[in-house]
Each structure stands twice: as structure tokens, then as C-alpha cells.
Amino acid sequence: MTSQRFVYIAPEGRLDAGTVLPLQAELQEHLANGDTRLLIDFEKTRYVSSHVLRILLAAHKQASQQGGALWLCGLDNRLNDIFEMAGFTTIFEIFASREDAEKSF
């Protein structure tokens, strides 16, 4: 869903090297079209692999270079631990929920 403020993306299930291609394609499509303010909601995501983290980091860098940003929300405790161990909690702005993210925009 595209709004004037950001593009909302909500991946589901397990995200690893074998299942991340749709998310990667969606991110690249939005960035190529100039949609550089992206909110990814992980509320329905159970797992992310290091491959996914690399894709998110690349998308974040690309969005930032184009004057945008990539925000994250809906991380459960397990996903938050993964992002924290990877050092991503200092790179990405992370919100508890989509509603919290929208309020900050």
C-alpha cells in the first residue's frame, strides 16, 4: 500500500534465502520507482536469516542515498533479539507497531 508518507510492506512467515525473493523484489521495485520511504512490518514474520538482514541493509542504504529511509515495526522479542545482535537496532528506526510508526511520521 502506498501513501503520501510511506510505502507499507508486511512480509509473512519465515524469511530466509529461499523465501526472501518476493520481499527483495518488492523493495527493489519501490526504490526503482522513487518510493524511498519504506515501512516494513514484521508482525506476521516468524524468522529472518542473515540473508534477509543483508537485503534490508542494502535497501536501507539505497533509500538513504535517495533521501528516504527504511523503518521497521512489529518485531517480536525473538526478532528484536536477532536485530539487536546484528547491530541493526542502531541502524534502523524500529517501532513497536505500525500505529506507533504512523504517529511518529
Study note, to complete from the structure: Of the residues in the range 43-69, those that are under 14 Å from F88 (Cα atoms) and of a type outside the set (A, V, I, L, M) come to S49, S50, H51, R54, H60, K61
Practice item. Looking for whichever is surrounded by 13 or more Cβ atoms within 10 Å (Cβ to Cβ), under 17 Å from V7 (Cβ atoms) and over 13 Å from the mean Cα position of the chain (by Cα) here; the options are Q28, Q66. Which one fits? Key: Q66
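All of the numbers you see were taken from the coordinates with simple rules; none came from a lab. Small disclaimer: the values here were computed from a predicted structure and weren't measured. Glycine also receives a Cβ, built like all others from the backbone with ideal geometry; neighbour counts cover every protein chain displayed.
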